[in-house]
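Colleague: Handing you a structure now.
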Amino acid sequence: MMFVAQARAAYDYSLRTFQYSQAVWYAERLVAEHACREHRHLLALAYFHAGEIAQAYYHADKACFSPNHGSSSSSSSKRAADLEEESRFLLAKCSFLLGKWDEAVDALFLEDEEEFDANNAQGHLNYSARPVNGPAGWNLLGQIRERLGTPEAAMEAYARCVEEAPWMFDAVQRLAYLACSTFPAVFARALRSEQNFEESLARAEPGLLSASTSSRAGKQQPSSSSSRSSFSLFSLVQIAGEAVHAACSFDPQRTLQVLQHLPPEHAETAFAVELVAKAFFEQADYRRAESLYRRVWNTLDPRRIEGLERYSTCLWHLRKELECAHLAHECLSWGVRRKPQIWCVVGNACSQQREHGMALKFFKRAIQADPYFSYAYTLCGHEYVANEKYDKAVPMYEKALSIDPRHYNAWWALGNVYYRQEEYENARYHFLQALDINRSNSVLRCYLGMVMESLHQPAMALEYFEHACAGPNGGQGTSGSGIGMHDAQEHRVLWGNVDSPQNAMALFQKACVLISLNRFPEALRDLERVRNLAPKEACVYFQLGKVYEKMGLLQQAFQTLHQAMDLHRDSKDYHTIKAHLERLPLIDPALAASASGSSGSQLVYPGMMSSQI
C-alpha cells in the first residue's frame, strides 16, 4: 500500500501545481497497480484538467460502469456513493462537451430514476428524481436541455438549481435570461432567508458555515479586508441577481438603480459596469454603452473576454475605425484563440473596412471556436446581407435562432431581409417577434413603422415612429439608429454620427409618412430637427427640398436641393436629384449662381431616400 499512497500523493501534488500530464502519468500507475473505480476516476479527472475530453470521457465511463474489483482502501459506503456521484457527474460533463446529450442526461440520473415524469404528457421534470451532484447536476441539466432546444425544460432545471442553491450564479444568470417574467418569483423563493442561503452553501461545502460562524464569534480585531467583507454574500447575490434580471429585461436605468445598492468595491467591478453597458447596448444607445465598455477594458479588467463582441460592435456603429482596429490587435496579442468573442472583434474590424470576405472568414472562425455562440452566426448573416447574398444570410440567422430563440438580433435581421425583398408581411412578423423580446429598443419600432408604411397603413406607421422618437424611456431616445448588430453597409453608415436624445432615423421616417399624407408643416418641423441632428445627410436635404417646393417656398427648395446634390456628388442618386431640381420653376438667376457645389458624398438609406425618389 506504500506504493499507492506515494503515487496518490504525487498525483495530488501534480494536480495542485497544474502539471496535468504528470498527473495523468501517476494516475496511469495507480490504475496499473489497482484498477478500481477510484483510480479510473482519478485518471479521467487528470485527462479532463489536461483538456483531453475524449480520453476523460472514456475513462470516466470505465469508472462508472466497469466492475469494481475491490477498493484500494477500506472506504466507507458513503465514500463509495460520493465517488459514484463524482464519476457520473464527470462523465456527464464530458458527454456534454462532446455533444453526447442523451448520454449526458443518462449519466446525471441513477439507474432507478428518470429525468422526466412518465405520467406527465407535457414532459415536465420528475421532481422526485435528483441528478448527481445536486445543484451542479441541475445546472448541467439546464445547459443540456438548452442545447437540445427545450428551453422550458431548461428553465425548470435552472429553477430547481437556484431553489436548492441560490448561490449558483451561473444558473441565476441563465434563468434570468430565459425566464424574465417568472424569474423574480423563483429568485425570491430561493432567497427566502439568509439562513437558508448559508445552509445550502454549507451542504455543498461541509464545514464552511461552521468556520464562518466561529470566525464571527472570535474576539480578534477585524482586519481592513475583513471589515470590507461585512456586506454578506447573501445580499450581494440578491442584488447581483436582480441586476442581471434588469439587464436581461433590457432596462439600463433599472440595472443602474439596483447596482447602486452594492458596496463601492463591488459596484466598481467589470461585472457591474459591463452589465449596465450591455443594457444600453441592447437599447441601441451605443455612445453610452461604448463609454462604459471603454472603462471596463481600459481600467477595470483589460483582459476581460465576456462582452468584447458587443464592445467592438459599438465601435463599429460609431464608426470608430481606429479604436476597433486597435481593439482587434490587442485581442490577438493576448494569444487567446479559442474564444469566439476574439474572432468577432477581428471580424468587426475587417467589416468596418468593408472587407466582407475577411470578416466572414473570422466570424466563421468564431463559430469553429464555439458552434453554439449565436451572435457569430448573426454577424455572418450581416456580412452576407452586405453583399446582397440573402440566400446565404437567412440560414445563418435561422441557425442563430435555433441556438437562442431569444436572440432578437436574428429576428430583426430576418425581418430586414424580407423587408428588402418586399415581403412585408413576413418582415412585419419577424420585427414583431424581435420587439416582443426587446421592447426597449426604439429602432425596432422604427422598422415596424417602415413596414406598416409599405403595407399602406400610414396611421399605424406614424404610431410606431412616434413611439420610436420618444425612445424607451419617454423622450430619452437612442444615440444612433443601429440595432445592436450589423446592418448592411449603407444602413450602418448613414446615422452612425448622430449624437442626440432623439432618434433621428425615426424622425426622418415619420416625416416621410407625413409628406405622403400632405401634412407638410408637420413634416417640415421634423425634417428641420433631423437636419440639426445630422447636418451632412443628403437624403434629409432632398426631402426638405421637396417639402419646401410643395409649400411654395421655392428659394429654400432650390438651396436645399443643391445641398443634397453636393452631398451626393459621387452617388448614383446625384442625377436624380439634379433632374428634380431642374423641374423647379425658374427663380432669380443670382441665387442659382451662388449655389456652388461643395465636395462630399453620403450613401443613401434604402427605404428612406430611394423609396422617395
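Colleague: Fewest Cβ neighbours within 10 Å first, please rank R303, R37, R203 accordingly.
Modeller: In increasing order of surrounding Cβ atoms, one gets R303, R203, R37.
Colleague: If you don't mind, there's one more thing I want to ask. Quick one: Cα centre-to-centre distance for the range 23-51 and the range 416-432, in angstrom?
Modeller: Cα centroid of the range 23-51 versus Cα centroid of the range 416-432: 57 Å apart.
Colleague: If the cut-off is a Cα-Cα distance under 18 Å, which aspartates and glutamates reach K550, setting aside same-chain residues fewer than 8 apart in sequence?
Modeller: E522, D526, E528, E582
Colleague: Oh, and also: Counting other C-beta atoms within 10 Å, and keeping those with at most 12, which DSSP coil GluC sites (Glu not before Pro) do you find in the range 378-467?
Modeller: Here the GluC sites (Glu not before Pro) that fit, given the DSSP loop and packing criteria, are E388, E422.
Colleague: Can I ask one more? Divide the volume of the convex hull of the Cα atoms of the range 239-343 by its number of residues and quote the answer in cubic angstrom per residue.
Modeller: So the per-residue hull volume is 92 Å³.
Colleague: Something else about it: What ranking do L524, L315 get, fewest neighbouring Cβ atoms within 10 angstrom at the top?
Modeller: L524, L315
Colleague: Can you give the FRET efficiency for D370 and R303, using 1/(1 + (r/R0)^6), R0 = 22 Å, r = Cβ-Cβ distance, to the nearest 0.05?
Modeller: Once the sixth-power term is evaluated, E becomes 0.75.
Colleague: Taking neighbour counts of Cβ atoms within 10 Å as a proxy for exposure, in what order, fewest first, do M358, M452 appear?
Modeller: Sorted ascending by nearby Cβ count, the order is M358, M452.
Colleague: Would you mind checking the pairs K361/K389; K364/K510; K399/K510; K93/K399; K392/K536 and listing those with alpha carbons more than 27 angstrom apart? Intermediate values should be presented prior to the final figure.
Modeller: Values: K361/K389 15 Å; K364/K510 38 Å; K399/K510 34 Å; K93/K399 24 Å; K392/K536 34 Å.
Pairs exceeding the cut-off: K364/K510; K399/K510; K392/K536.
Colleague: Moving on. What GluC sites (Glu not before Pro) does the range 279-379 have in DSSP loop regions with at most 16 other beta carbons within 10 Å?
Modeller: Loop-located and lightly packed - E306, E355.
Colleague: Shape call for the range 2-108 from the C-alpha gyration tensor, a ≥ b ≥ c root eigenvalues: rounded (a/c under 1.5), prolate (a/b greater than b/c) or oblate?
Modeller: oblate
Colleague: Report, ordered by chain and residue number, the aspartates and glutamates lying within cross-link reach of K278, taken as a straight Cα distance under 12 Å and ignoring same-chain residues fewer than 8 apart.
Modeller: D251, E290, E306, E309
Colleague: Still on this structure, I have one more. Where a Cα-Cα gap under 17 Å defines reach, which aspartates and glutamates qualify for K578, not counting those fewer than 8 residues away within the same chain?
Modeller: E537, E549, D566, D570
Read the figures in this text as sums done on the coordinates, not as results from a lab. Just so we're clear, the structure is a prediction, and the values are computed from it rather than from any experiment. We place every Cβ from the backbone using ideal geometry, glycine too, and count neighbours over all the protein chains shown.
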